[in-house]
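Trainee: A single structure is presented below for examination.
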Amino acid sequence: SMLTIVRLRIAKRGILLVLFVIGLLSLPLLSAEKPKDAVPPAPVPSSIAAAKKVFISNAPGTSLPTYFGGPDRTYNEFYAAMKGWGHYELVGVPSDADLILEISFNSSLSSVGGSSTTGPISYNYTELRLVILDARMHVPLWWFNEAVNPKVSFGHRPEKAADSAFSQSTATLVDDLKKLVSEPAIGASDTNK
């Protein structure tokens, strides 16, 4: 009878193990049964693509140190990149613009680490932020964030890597805007209906 009890316990464990394995294997099947209907992308506000004139605003954010270009670097680089693109006429006052492009650099503490040999080390999350506003209503229409992530490798100066990452993030923001301008706008005629 002791042998029968041991056999039953082993059998129960085996059945439970088989059921567990079947449950694990069926999870991907259940999730793949019926995919949710894909939500079509929402149209972009038409005033972004229709705009001819923009005012670039140096919005509040984190100031860059002097050795890294100072507080005006964010504005200057973005302004130069937008001028280079040439899609919009850049105007000197917001009242002459169709859109206001608010550019800012932001840095926030993301974690703290270190050891007894290195001492405390803080890690910051840094990003460039672009907010697109309707110039007449001052309503935000769209926004982008681009992380400034320097790729530092052995033997390279971290300052050069950070400098390059900053410029790359500025170029990426302008590319994001270029893609947005080329998307279908609200109010565009829909010939597929």
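Trainee: Give me the net charge of Ala97's neighbourhood, meaning all other residues with Cβ under 14 Å from the Cβ of Ala97; Lys, Arg count +1, Asp, Glu -1.
Mentor: -2
Trainee: For Tyr67 and Asp37, what does the FRET efficiency come to when R0 = 45 Å and r is the distance between their Cβ atoms, rounded to the nearest 0.05?
Mentor: After rounding to 0.05, the efficiency reads 0.30.
Trainee: Now, a different point. Run the quick spin-label model on Asn58 and Asp175: label points 7 Å from Cα toward the beta carbon, then report their separation in nm to one decimal.
Mentor: Roughly 2.7 nm, to one decimal.
Trainee: At a 1.4 Å probe radius, carbon and sulfur cover how many percent of the accessible area of segment 54-109?
Mentor: Carbon plus sulfur share of accessible area: 52 percent.
Trainee: Which sequence of Phe166, Phe68 reflects their accessible areas, 1.4 Å probe, from the largest down?
Mentor: On the way: Phe166 0, Phe68 35 Å².
Accessible-area ranking of Phe166, Phe68, largest first: Phe68, Phe166.
Trainee: What's the local net charge at Asn106, with K and R +1, D and E -1, over the other residues with C-beta under 9 Å away?
Mentor: Values: positive: Arg129; negative: Glu127.
My count for the surroundings of Asn106 gives 0.
Trainee: Another question, if that's okay. What ranking, highest mean first, results for peptides 51-57, 137-143, 78-84 when packing means the other Cβ atoms within 10 Å averaged over each residue?
Mentor: Highest-to-lowest ranking by the protection proxy: 51-57, 78-84, 137-143.
The values are calculated or read from the model by the stated rules, or taken from the named source; none is laboratory data. Just so you know, these numbers come straight off a predicted model, no measurement behind them. Glycine gets a Cβ as well: all are built from the backbone with ideal geometry, and neighbour counts include every protein chain shown. To get the accessible areas, we keep the full protein, side chains included, count just its heavy atoms, and leave off ligands, DNA and RNA. Shrake-Rupley method; radii C 1.70, N 1.55, O 1.52, S 1.80 Å.
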